[in-house]
Amino acid sequence: MSEMLVATVEERRGGSNVIKLAGILDEHNELSALVEQVSAGKVLINLAGVERINSSGTRDWVDWLASLEKKGIQPELVACSPAVVAQLNLVKNFAGKSVVKSFQVPYHCGGCAREKLLLVSIAEFGNFPPVAPDCACEGCGKPMTFTDETGTYFTFVKQVQDLVATQEAAAKAAAAEIAAASGAKTDSSPDLARGSQAAVDSISVKRISQPRLPNRSSSPVLSVYQTRQSDKRISAERISHRSLTPPPMPMPTQSPPAERSYLFVVVGLLFAVVGLLAYLLLVR
């Protein structure tokens, strides 16, 4: 067992950093010195070698994660030892905003008394309640027993799953806002070539012919009480012409031949009736 915390920083291909911690995390740690040794971006923190953590180490650890996040570093915790898992279950904000990717599960073999730490990924549990996976002894091949004295070893897994779901939802919302701000199209209408028009429903319009109006001249608009000089001259000529020219005489209308024959018959009948009445008066 190491009496002090040992930290090493490794740089992987692609520029990502890996921080490995081993030993005891207490008040004698030097976590603050690691902030300047890593750059912004994703950083993997391997905690497989952490053997024990006291209250002072827990406080310094939480502050250290916060300082990394302020710098733009995204920590991901991998291979968390049983000592780290115990703090994840006891301290709610022990992981801060970092995501736990994997952790170690302790096993014991009753046949050969071997001890084993099985590395388990959070993604293996999915949305189901976590249970200890089966583990076979590498020495005798017998099934090993999961050694959990508290019965709460997997309690933190649900908290990690909720954090991952929240971060994924926030990432999708941010991507949607960026797409909307960049003018991404949200409708399903196809793109049209230049000069083409989208198909629209035809509408029958009844056209009404209107008389053509004369073109407007550039002369100023006059009120009803104003008269132009040319209009006065034309009006005087029209008045003198009308006064000298006699009105046309109405032509007598002539009835068609058929109407005149009917008129003669009616007149003849009237004379006959008058003569008959005169005769009757004389006879009396």
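Looking only at the range 107-147, residues that are acidic (Asp, Glu) and part of a strand (DSSP E or B) come to 1 in all. Contact map, the range 128-151: residues that are over 11 Å from residue 111 (Cα atoms) paired with residues that are modelled with pLDDT of 90 or more and surrounded by fewer than 12 Cβ atoms within 10 Å (Cβ to Cβ), Cβ distance under 9 Å, separation 6+ or inter-chain. Pairs shown: 147/115. Determine if the range 25-33 includes at least one residue that is among the hydrophobic types (A, V, I, L, M, F, W, C) and touching a Ser or Thr at 6+ places or on another chain (Cβ under 7 Å). No. So for the range 34-54 (the condition being outside any strand (DSSP E or B), surrounded by fewer than 18 Cβ atoms within 10 Å (Cβ to Cβ) and at pLDDT 95 or above), does at least one residue qualify? The answer is yes; a qualifying residue exists. Tell me yes or no: at least one residue of the range 62-75 is surrounded by fewer than 18 Cβ atoms within 10 Å (Cβ to Cβ), out of contact with any strand residue (DSSP E or B) (no Cβ under 7 Å at 6 or more places or on another chain) and among the acidic types (Asp, Glu). Yes.
Contact annotation: residue pairs with Cβ atoms under 9 Å, 6 or more positions apart or on different chains, pairing a residue in the range 85-103 that is under 15 Å from residue 54 (Cα atoms) and among the small types (Gly, Ala, Ser) with a partner that is modelled with pLDDT under 95 and crowded, with 20+ Cβ neighbours inside 10 Å, are 86/153. Summed over the range 5-29, residues that are closer than 20 Å to residue 62 by Cβ, in contact with a strand residue (DSSP E or B) (Cβ under 7 Å, 6 or more places away or on another chain) and assigned to a loop (DSSP other than H, G, I, E, B) total 1.
Would the range 146-159 turn up any residue that is surrounded by 12 or more Cβ atoms within 10 Å (Cβ to Cβ) and more than 25 Å from residue 93 (Cβ to Cβ)? Within the range 146-159, one or more residues are surrounded by 12 or more Cβ atoms within 10 Å (Cβ to Cβ) and more than 25 Å from residue 93 (Cβ to Cβ).
Determine whether residue 65 is under 37 Å from the mean Cα position of the chain (by Cα), modelled with pLDDT of 95 or more, hydrophobic (A, V, I, L, M, F, W, C) and part of a helix (DSSP H, G or I). Answer is yes for this residue. If the condition is being farther than 16 Å from residue 101 by Cβ and either in a helix (DSSP H, G or I) or not hydroxyl-bearing (Ser, Thr, Tyr) (or both), then the range 148-157 contributes 148, 149, 151, 155.
Pairs meeting the criteria (first residue in the range 110-122 and farther than 30 Å from residue 165 by Cα and surrounded by 15 or more Cβ atoms within 10 Å (Cβ to Cβ), second residue at pLDDT 95 or above and of a type in the set (Phe, Trp, Tyr), beta carbons under 9 Å, at least 6 apart or on different chains) are 114/107; 116/107.
The values are calculated or read from the model by the stated rules, or taken from the named source; none is laboratory data. Bear in mind the structure is a predicted one, so any value in this text is a computation, not a measurement. Ideal geometry is used to build each Cβ from the backbone, glycine not excepted, and the neighbour counts take in all protein chains shown.
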